[in-house]
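To start, the structure itself, in structure tokens.
The values are calculated or read from the model by the stated rules, or taken from the named source; none is laboratory data. Predicted model only: the values in this text are computed from it and were never measured. With ideal geometry, Cβ positions are generated from the backbone for all residues, glycine too; neighbour counts draw on all protein chains shown. Heavy atoms of the whole protein, side chains included, go into the accessibility calculation; ligands, DNA and RNA do not. Shrake-Rupley method; radii C 1.70, N 1.55, O 1.52, S 1.80 Å.
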Amino acid sequence: MNSFMPFFSSCTLILLCSCGARVQVLDHGISTELMDEVEKMTKEHYKRVREQRFLEFASKTLEGGGGAAENLDWESTFFVRHLPEANIAEIPDLDDDYRRVMKQFAAELERLAERLLDLLCENLGLEKGYLTRAFRGSKGVPTFGTKVSSYPPCPRPDLVKGLRAHTDAGGIILLFQDDCVGGLQLLKDGEWVDVPPTRHSIVVNLGDQLEVITNGRYKSVLHRVVAQADGNRMSIASFYNPASDAVIFPAPALAEAAGGAYPRFVFEDYMKLYVRHKFDDKEPRFEAFKSMESQSTKLIATA
Ligand SMILES: O=C(O)CCC(=O)C(=O)O
Ligand SMILES: [Fe+2]
């Protein structure tokens, strides 16, 4: 099952699986007023605090024909952590109103992510709460954070991507994207397909950890952002991920007997590999952990 599930419209939301197997209708429950406030403040913040810095980066990137541009992304971002410990109070240059609104938005998204994980459990025949429990780790809290991005207009979209193609590493990702400027694409049947801007919608994406836990029933999807010649695209992506010490493995109810396709590992070890190989295929990441697993099994067998 393909995991990119765009939600459409302000109140009624349609969750689309591109394999066509299942369509769910539900309401994301987040007020459109709150979403409008988040969007307005995020755009103001970019103008006030980040634009100048980005323009300096932009002119360096394209200097001399932009030879280095293929290893860069045309985005200006900052990251806010909500769980296990919030760091929004320490992020410089955010005004109090923006902090308050982002906190409120994050709390809504956290609830929505948990609701969606329970829906996935229902779809998969897993007991309610299985997925949220699988994310909790020793302290009983998942990792949850928001990446706030702007993709400013780019004079050379032929040279540089807004964000290079990747799958997300973690669990469930909720994306609030610009309602006018597009650029997000996902790979479906070997072709890049636009995920068009839809006002007040939330796009849901599943990461590599859910592919492992569901034993491949849900696959993380390759996606990218194409830089646009016109318009500054806002994107607010919230990542509901396992705790760093959570042990990730295929749910026994979904796993084949011996020798399944997916490994068992600690989430933070996966992230150490991911940060170095984010823009590479995911399969070698899974293979690396599978071969570590089979080596340790051999060691146990010969001990
Ligand atoms: O900005 C977007 O639409 C996507 C962002 C994204 O894929 C990411 O940050 O992982
Ligand atoms: Fe992503």
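For F239, which of the numbered conditions (1) in contact with a helix residue (DSSP H, G or I) (Cβ under 7 Å, 6 or more places away or on another chain); (2) under 25 Å from L83 (Cβ atoms) fails to hold? All conditions pass for F239, except number (1).
Of these, L186, L163, L175, L210, which one is within 23 Å of D27 (Cβ to Cβ) and within 12 Å of ligand 1 (Cβ to nearest atom)? If you could, list the steps in order and put the result at the bottom.
On the way: L186 fails: within 23 Å of D27 (Cβ to Cβ); L163 fails: within 23 Å of D27 (Cβ to Cβ); L210 fails: within 12 Å of ligand 1 (Cβ to nearest atom).
After applying the criteria, what remains is L175.
Tally time: how many residues in segment 222-238 are among the basic types (K, R) and buried (at least 21 other Cβ atoms within 10 Å of the Cβ)? If you could, list the steps in order and put the result at the bottom.
Of segment 222-238, the ones among the basic types (K, R) are 224, 233.
From what is left, the residues that are buried (at least 21 other Cβ atoms within 10 Å of the Cβ) are 233.
Residues in segment 222-238 being among the basic types (K, R) and buried (at least 21 other Cβ atoms within 10 Å of the Cβ): 1 in total.
Scanning segment 57-81 for residues that are within 16 Å of ligand 1 (Cβ to nearest atom) and open to solvent by less than 80 Å² (accessible area, probe 1.4 Å) turns up L72, D73, W74, E75, S76, T77, F78, V80. Counting only helices (runs of 4 or more DSSP H) that sit wholly inside segment 190-303, those with at least 3 residues that are of a type in the set (A, V, I, L, M) and at pLDDT below 95 are 283-302. Would you be able to say whether some residue in segment 239-257 is open to solvent by 10 Å² or more (accessible area, probe 1.4 Å) and within 15 Å of ligand 1 (Cβ to nearest atom)? Yes, segment 239-257 contains at least one residue that is open to solvent by 10 Å² or more (accessible area, probe 1.4 Å) and within 15 Å of ligand 1 (Cβ to nearest atom). Can you tell me which residue is surrounded by the fewest Cβ atoms within 10 Å (Cβ to Cβ) among those in segment 189-221 that are of a type in the set (S, T, N, Q) and within 22 Å of E110 (Cα to Cα)? Here the answer is T198.
Out of curiosity, is L175 open to solvent by 10 Å² or more (accessible area, probe 1.4 Å) and either in contact with a Cys (Cβ under 9 Å, 6 or more places away or on another chain) or under 25 Å from K282 (Cα atoms) (or both)?
yes
In segment 124-137, the count of residues that are out of contact with any helix residue (DSSP H, G or I) (no Cβ under 7 Å at 6 or more places or on another chain) and over 25 Å from N241 (Cα atoms) is zero.
What single numbered condition from (1) in contact with a Ser or Thr (Cβ under 9 Å, 6 or more places away or on another chain); (2) at positive phi fails to hold for G190? In the conditions (1) in contact with a Ser or Thr (Cβ under 9 Å, 6 or more places away or on another chain); (2) at positive phi, G190 misses (1) alone. Regarding K103, is this residue open to solvent by 20 Å² or more (accessible area, probe 1.4 Å), modelled with pLDDT of 95 or more, within 13 Å of ligand 2 (Cβ to nearest atom) and over 15 Å from the mean Cα position of the chain (by Cα)? Taking the combined requirement at face value, the residue does not satisfy it.
Pick out the one residue from A134, A165 that is within 16 Å of ligand 2 (Cβ to nearest atom) and open to solvent by 10 Å² or more (accessible area, probe 1.4 Å). Quick ask: steps written out before the conclusion?
On the way: A134 fails: within 16 Å of ligand 2 (Cβ to nearest atom).
None of the other options fit; the residue is A165.
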